[in-house]
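Novice: My questions all concern the structure below.
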Amino acid sequence: MKYYVADAFAEEIFKGNPAGVCVSDKELPAELMQKIAFENNFSETAFLVKCGDGYNLRWFTPLFEIDLCGHATLASAFTVMNFVEPSLNEVRFRTVSGDLFVRRNGDLYEMRFPERAPEKIEITSEIIEALGVVPKEVYSGRDMFAVLENEEAVRNFYPNYEKLDKLKDWLGICITAKGEKADFVSRFFMPELKLEDPVTGSAHSSLVPLWRENLGKTVFEAEQLSHRGGKLYCEQGDGFVKISGKAVLYLKGEIFV
């Protein structure tokens, strides 16, 4: 099967978030997709199969399947519109989170994701102990979102994965703050995998409504402050969030299974 690696939310290679994209001519068993994702060892590997006027899309970490992934969706759209069906300027993905549409706008790829507004929750002693800092606010969704004092606090945060892993109610732990140049900044940690995700598109379907309430605006430039870094251009819609970014190709080849 054809295999691509693209750096998503990046303007040059070795930046943004790398994702594997497998393009198959038939549906694969989940067990096989999981083995391939483990072998690839990226935070996400996407699996595409042509289906009618679009593609079935699934995302796997090295350890489990996930319900929504931004950077691997962007990488998938970039792959389809540049190497699989280069005549397309929009692609439809059928996923467990519903149909996702990605449109090419110059060198940006605009993703339309379902809004996942998080709920504000109490700051508990367990959360403070796990984070090692006292957040200003905490929100809960699929992931936990801790609002810190400023961008410097986000940039200098050092994760203790053993402690973060005790926060079992959430898939990922995201810290965020108002930005100095960007509207807001963030970092995203996956305690079970003991890693920091370089750029997390799916988290912005919650970060955008969170910061809409805090900043009183609907259009944002966001930055993820991982060591690779990434820029996202976001807009709050009616029940959806538009998340845009660039992508660059790192590798293309074949997988033999």
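Novice: What single numbered condition from (1) more than 19 Å from Ile255 (Cα to Cα); (2) over 18 Å from the mean Cα position of the chain (by Cα); (3) assigned to a strand (DSSP E or B) fails to hold for Tyr3?
Specialist: (1)
Novice: Take the residues in the range 19-72 that are hydroxyl-bearing (Ser, Thr, Tyr) and outside any strand (DSSP E or B); name whichever of them is surrounded by the fewest Cβ atoms within 10 Å (Cβ to Cβ).
Specialist: Thr61
Novice: Given the criterion over 18 Å from the mean Cα position of the chain (by Cα) and buried (at least 19 other Cβ atoms within 10 Å of the Cβ), identify the matching residue among Leu164, Leu207, Leu215.
Specialist: Leu164 is the lone residue from the list that is over 18 Å from the mean Cα position of the chain (by Cα) and buried (at least 19 other Cβ atoms within 10 Å of the Cβ).
Novice: Could I ask something else about it? Considering only the range 140-247, give the strands (runs of 3 or more DSSP E) lying wholly within it that have at least 1 residues that are modelled with pLDDT under 95 and under 24 Å from Glu44 (Cβ atoms).
Specialist: Result: 184-190, 195-197, 230-236, 240-245.
Novice: Taking Arg155, is it surrounded by fewer than 18 Cβ atoms within 10 Å (Cβ to Cβ) and on the phi < 0 side of the Ramachandran plot?
Specialist: yes
Novice: Can you name the residue in the range 218-257 that is over 17 Å from Ala72 (Cα atoms), within 18 Å of the chain's Cα centre (by Cα) and of a type in the set (D, E, K, R) and, of all such residues, is surrounded by the fewest Cβ atoms within 10 Å (Cβ to Cβ)?
Specialist: So, considering only residues that are over 17 Å from Ala72 (Cα atoms), within 18 Å of the chain's Cα centre (by Cα) and of a type in the set (D, E, K, R), the one surrounded by the fewest Cβ atoms within 10 Å (Cβ to Cβ) is Glu221.
Novice: Could you check Lys15 against (1) in a strand (DSSP E or B); (2) closer than 18 Å to Lys246 by Cα; (3) out of contact with any Leu (no Cβ under 9 Å at 6 or more places or on another chain) and say which number it fails?
Specialist: Just one mismatch for Lys15, condition (1).
Novice: Looking only at the range 94-115, count every residue that is charged (D, E, K, R) and in a loop (DSSP other than H, G, I, E, B) and tell me the total.
Specialist: Adding up the residues that qualify gives 2.
Novice: Hey, does the range 121-129 have a residue that's within 28 Å of Gly239 (Cα to Cα) and surrounded by 14 or more Cβ atoms within 10 Å (Cβ to Cβ)?
Specialist: So far as the range 121-129 goes, yes, one or more of its residues are within 28 Å of Gly239 (Cα to Cα) and surrounded by 14 or more Cβ atoms within 10 Å (Cβ to Cβ).
Novice: Given (1) in contact with a helix residue (DSSP H, G or I) (Cβ under 6 Å, 6 or more places away or on another chain); (2) surrounded by fewer than 23 Cβ atoms within 10 Å (Cβ to Cβ), where does Leu195 come up short, assuming only one miss?
Specialist: Leu195 satisfies all of (1) in contact with a helix residue (DSSP H, G or I) (Cβ under 6 Å, 6 or more places away or on another chain); (2) surrounded by fewer than 23 Cβ atoms within 10 Å (Cβ to Cβ) except (1).
Novice: Output the number of residues of the range 75-132 satisfying the condition of being in contact (Cβ under 8 Å) with a residue 24 or more places away in the chain, over 20 Å from the mean Cα position of the chain (by Cα) and closer than 17 Å to Ala6 by Cβ.
Specialist: Final tally of qualifying residues: 3.
The values are calculated or read from the model by the stated rules, or taken from the named source; none is laboratory data. Worth saying up front: this structure is predicted, and the values here are computed from it rather than measured. For neighbour counting, all protein chains shown are included, and Cβ atoms are generated from backbone atoms with ideal geometry for every residue, glycine included.
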